[in-house]
Amino acid sequence: MNHRVARRRGTFSPASLAATAAMLTLAPDALAHVRPGETIGFLSGLEHPISGLDHIIAMVSVGLWGAQLGAPAVWLLPVTFPLIMAVGGFFGLIGVPLPGTEIGIALSGVLLGAAVLLAWRPPLYCAAALVGMFGLYHGHAHGAELPPGQSALLYSLGFILATGFLHLTGITIGLIHRWPWGEKMLRVAGGGVAACGMYFLWTAIA
Amino acid sequence: MNRAVVGPACRTDSFFSDDREARKIFSMCGEKLGGRVCPRPRPEKTKVFRQSAVTAFLALLPTAASAHLTNSGLGPAYDGIYHFIFTPEQALPMAALALFAGRRGPAHARAITLLLPSCWVCACLCGIAAPPALAALLAACVVLASGALLASDVVMPPLATGAVCVLSGVLLGALYGTPTDSPAGTLAAAACVFVLLALFASVSLPLRQMPAIIAVRVAGSWTAALGLLLIGWFLHGRVS
């Protein structure tokens, strides 16, 4: 009975005092003015390119095609794509409109997949121009969809790294083309990419 | 928990074996009832005051909040190192420039490891500061230019590399500023800059195999792409 009275009056027990003391001494430093979103900026940027299948298939197929074409396309195409993608992201960020972005992204899957399927070997500048054009569309979409309140540098760093690693994944898979069975499998994979691209094209138009 | 009450319901017998023990504990507020010490509760105000004092004392124990400063707790030198390490705007272009200088040869690598930290620390200690409104744009331009140099692998004489080092050192130093009141932090960060440049230049200096050279140039193209995106971010902030 007396316990209840004491509690109602708001007195502290030794246990509650000890808990308060522990909590107070464990309190971390107050970090005022931390830049908003900085702690999650890198991971958000890393996650963004792999959050959509249309982006993934296009970027992986750049690597597949580069591996199929061999040097110097194997490194030139994955260098061209992020650079032109950054230009597209720049335009998206400053609000320059690019018509038919979704159709362009879907077409990138269709055409790059078809190029792998048919083992198309155009001149190097032609391949780079094609990849660069699609990079522009992908970059613009990313730039226009960037979330607010992120750390620009860390977000962009994660974004570029994720794109680059998707290309590297494509190149690594594409290395199987040196074996006869691997070449066939690679072309089948290109057909799969083109089919996915057709689906995205259908959804973009419909 | 004080269970003792005054009056007939006093139950001190169950707690204390003798008066001496009870007096010891309740020396300030005990009273005798029939030869026994029967403690009465302390006044409520005294309890609240004591508990408030204890809470206030404990509240003073956490460390100080350090807004706008990097506080490692190990002194200004470590604070400076800590601040530099967690400033990728500084470390990234420096790494790109060091890789570029290493690709060009030992004379270029020597120029960057000596000139850039010297100019950087001079700019910091002299208090040269970039205009706050343009700091983000300047940082983005430095990232873009350093990445473009590395990606293009442009051939230039050591003198030109030296000029690039001086320019980028002053610019990066102006963007870095002085994070602490003591110059020890800046000097420690300058040592960190030197180590970073020496490490990256020594990585790219002996590269002769094509895949490794391509990897370095790809890293440069990614850095340039990052710089371009940062310029876009800056303009996006201006536009929106």
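The values are calculated or read from the model by the stated rules, or taken from the named source; none is laboratory data. Note that the structure is a prediction, hence the values are computed from the model and not measured. Note that we place each Cβ from the backbone using ideal geometry, even for glycine, and neighbour counts take in every protein chain shown. SASA here: full protein model, heavy atoms, side chains in, ligands and nucleic acids out. Shrake-Rupley method; radii C 1.70, N 1.55, O 1.52, S 1.80 Å.
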Region B:200-240: number of residues that are among the β-branched types (Val, Ile, Thr) and farther than 19 Å from B:Ala95 by Cα: 2
Is region B:170-180 home to any residue that is without any contact (Cβ under 8 Å) to a residue 12 or more places away in the chain and either in contact with a Ser or Thr (Cβ under 9 Å, 6 or more places away or on another chain) or open to solvent by 20 Å² or more (accessible area, probe 1.4 Å) (or both)? no
Matching residues in region A:146-179 (assigned to a loop (DSSP other than H, G, I, E, B) and within 14 Å of chain B (Cβ to nearest Cβ)) number 6
Being within 12 Å of another protein chain (Cβ to nearest Cβ), part of a helix (DSSP H, G or I) and modelled with pLDDT of 85 or more narrows it down to one residue among A:Gly135, A:Gly182, A:Gly192; which is it? A:Gly135
Given (1) crowded, with 22+ Cβ neighbours inside 10 Å; (2) more than 15 Å from the chain's Cα centre (by Cα); (3) away from every other protein chain (no Cβ under 14 Å), identify the lone condition not met by A:Ser61. (2)
Tally up the residues in region B:199-217 that are at the interface with another protein chain (Cβ under 8 Å from one of its Cβ atoms) and either charged (D, E, K, R) or open to solvent by less than 30 Å² (accessible area, probe 1.4 Å) (or both), please. 1
Tell me the helices (runs of 4 or more DSSP H) entirely within region A:1-74 that contain at least 1 residues that are modelled with pLDDT under 65. A:2-8, A:38-47
